[in-house]
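The values are calculated or read from the model by the stated rules, or taken from the named source; none is laboratory data. Because the structure is a prediction, the values reported are computed rather than measured. Glycine gets a Cβ as well: all are built from the backbone with ideal geometry, and neighbour counts include every protein chain shown.
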Amino acid sequence: MDLLYRPFSTEPLTGHWSLLIGNFDGFHLGHQALVARLREEQQRLGTHSALLTFDPHPKEVLQPEVPFYQIYQNPTKWRLFAEAGVDACWIAPFTHAFASLSAAEFLDRLFGHISLKKILVGYDFNFGKSREGSAHLLEMECQRRGVEFEVLGPVKHQGITVSSSLIRNLLFEGEFDRAQEFLGRRFAIEGPVTPGHRKGHQLGFPTLNLPTSGLLPLKLGVYGVEVAYNGKLYPGVCNIGFKPTFEGQNLITEAHLFNFDQEIYGQFVQVFPVVFLRDEERFPSLEALSNQIAQDVAQARQYFGL
């Protein structure tokens, strides 16, 4: 898959395209159904297939005062898109200037940048300044330009509409099995292991560290987890938070694995939260922190039957 990070003002894309537009946060069952339909139409029309999405997420730009908990970090999203089999992911930088485009201006720039045979959108699609553009307006513009257009309805699971907001709520409440049903996969925090400050080693509980670049849809605290590395699952405990005892400033995921003593800096791992154990807290001393970690480890081992 080609990852195209480019504004509408750059050189137009070559070839003929079928295009699916959306934010795709979580790339859940609903999004997967949209992509499956996109690929069907790509084959029927003999075009390339692309997703048009936006970065940062529009809510982060338009409502900066409201914390936005993106389900997946961008590298994970791009990986999921690639695995879905689309030819390209076109990422339009979302800025205040972009957000101020009227619906008509958005359409002029879109159709001027890419030769389209078909556009697909989800049932809740809007675009342009103040979301003034509707799916109906886009459909009329497509008809005028001889481009096929399709709106896909909501996908339901057990009678419930699949949505990113629903999945965020389930993850925040620690209902990971339910979230998996709507995501179509286990939720994971993933990425390359990075060197830390070795505080865990000093306390007797070495950890794998995964810094994050945004807010996660999880309570800050300690979890029982399973970590996938090199084709195997390792149980352990994991702190997701800011390490307040050490005056940490950056959000980090740090997992201590049971019966694991490898140093794997730079290696890709996935951390699957399984059960929430406790809230993150500041401890008065390293001894108090070490004692609590020992209790966390014992609780997680009991949960996993170890």
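Looking at region 4-23, is at least one residue over 23 Å from the mean Cα position of the chain (by Cα), assigned to a helix (DSSP H, G or I) and of a type outside the set (A, V, I, L, M)?
No; the residues of region 4-23 include none that is over 23 Å from the mean Cα position of the chain (by Cα), assigned to a helix (DSSP H, G or I) and of a type outside the set (A, V, I, L, M).
Can you name every residue in region 83-102 that is hydrophobic (A, V, I, L, M, F, W, C) and more than 19 Å from Glu148 (Cα to Cα)?
Ala84, Ala88, Cys89, Trp90, Ile91, Ala92, Phe94, Ala97, Phe98, Ala99, Leu101
Residue by residue through region 162-192, note down the ones that are assigned to a loop (DSSP other than H, G, I, E, B) and not acidic (Asp, Glu).
Val162, Ser163, Gly174, Gly184, Arg185, Arg186, Phe187, Ala188
Quick check: anything in region 151-161 surrounded by 15 or more Cβ atoms within 10 Å (Cβ to Cβ), without any contact (Cβ under 8 Å) to a residue 40 or more places away in the chain and assigned to a helix (DSSP H, G or I)?
No, that holds for no residue.
Scan region 122-142 for residues that are in a loop (DSSP other than H, G, I, E, B) and surrounded by fewer than 16 Cβ atoms within 10 Å (Cβ to Cβ) and jot them down. Can you show your working first?
At the first step, the residues of region 122-142 found to be in a loop (DSSP other than H, G, I, E, B) are 123-125, 128, 132.
Of everything in region 122-142, those that are in a loop (DSSP other than H, G, I, E, B) and surrounded by fewer than 16 Cβ atoms within 10 Å (Cβ to Cβ) turn out to be Tyr123, Asp124, Glu132.
Please find, among Glu60, Glu41, the residue that is over 24 Å from Leu152 (Cβ atoms), assigned by TED's automatic domain parsing to the domain that holds Ala135 and either in contact with a Lys or Arg (Cβ under 6 Å, 6 or more places away or on another chain) or acidic (Asp, Glu) (or both).
Details: Glu41 fails: over 24 Å from Leu152 (Cβ atoms).
The unique qualifying residue is Glu60.
Would you mind stating whether Glu287 is in a loop (DSSP other than H, G, I, E, B), more than 26 Å from Pro67 (Cβ to Cβ) and without any contact (Cβ under 8 Å) to a residue 24 or more places away in the chain?
no
Which residue, of Gly224, Gly231, Gly214, Gly159, is more than 29 Å from Phe68 (Cβ to Cβ) and small (Gly, Ala, Ser)?
Gly231
Would you say Arg198 is surrounded by fewer than 14 Cβ atoms within 10 Å (Cβ to Cβ), touching a Ser or Thr at 6+ places or on another chain (Cβ under 6 Å) and modelled with pLDDT under 95?
No, not satisfied.
Need a quick list: helices (runs of 4 or more DSSP H) entirely within region 50-121 having at least 1 residues that are free of Cβ contacts under 8 Å to residues at least 24 places away in the same chain and more than 18 Å from the chain's Cα centre (by Cα).
The helices (runs of 4 or more DSSP H) meeting that bar are 96-99, 103-113.
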